[in-house]
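Presented below is the structure to which this report refers.
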Amino acid sequence: MADQKIADEGSPKRYIYSHSDLEHFKASPVRAELLKFIRGAGRTIKGVAYDPSCPLPTDTGCGVASLYGSLHRMADKWTSAFPADASSLGVQHRFGNPAFRGWYNALARRSGDIMKSILRCHVAEIKGSEEMNTEIAMKFGAEAACPSEDIIESASTNPCSSMDASMFEELSAYLKLAFGHPIRLDYGTGHECSFVVFLFALFKVRFVFSSVSP
């Protein structure tokens, strides 16, 4: 389902072009699994109020904590780093502000290290490392999204050798496609679905949400 104009070779590709393609997907076991995941994830947060000022529970999985740290840093730092294009304010645009292209380029550059941080924190947790916990994982995730120079250097020499390259590429592609289109400057249900599929794929490879019971 990925947009081939911005998906790299080897990334997820679009296969639904016609009504018959859609009907084939709707009858597939993958769709059934995806819907079960969505329902299961929804049940885990039923009745839970979201308060960004509250810390994550200490029993949050480290893979989830790393992703949370990255998303929080993206919302905090990237939004201020790429403010709306003032020259285009008040100008009629079909969709979004051109400044989003800078935000997307930052995502494209950092998505690989965001994924590496999720993997690194998850592996450290399942190995029982005493040097890994929810707070530390959040910090790793934040640094992956907006690092200092020394983190950039170390991250570039820290390949995810324990993850299949094609899996890593696919996960990163879904993340990059989850926030909008840098050319059309639009955001819709397809981008929302890409983020859901990103979470679902992480769940399938047992990196996050082990407590979700579809």
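Any read-out appearing in this document is the output of simple, stated calculations on the displayed coordinates, not a laboratory observation. Quick caveat: nothing in here was measured; it's all calculated off a predicted structure. All Cβ positions, even for glycine, are placed from backbone atoms using ideal geometry, and neighbour counts span all protein chains on display.
In order along the range 50-65, the phi-based Karplus estimate (6.51 cos²θ - 1.76 cosθ + 1.60, θ = phi - 60°) of 3J(HN,Hα) comes to 8, 9, x, 7, 8, x, 5, x, 5, 8, 5, x, 5, x, 5, 4 Hz; Gly and Pro are listed as x. A straight chain from Val30 to Val48 at 0.36 nm per residue would run longer than the Cα-Cα distance by 3.6 nm. Here the simple spin-label model places points 7 Å from the Cα toward Cβ, and for Leu56 and Lys204 these points are separated by 2.3 nm.
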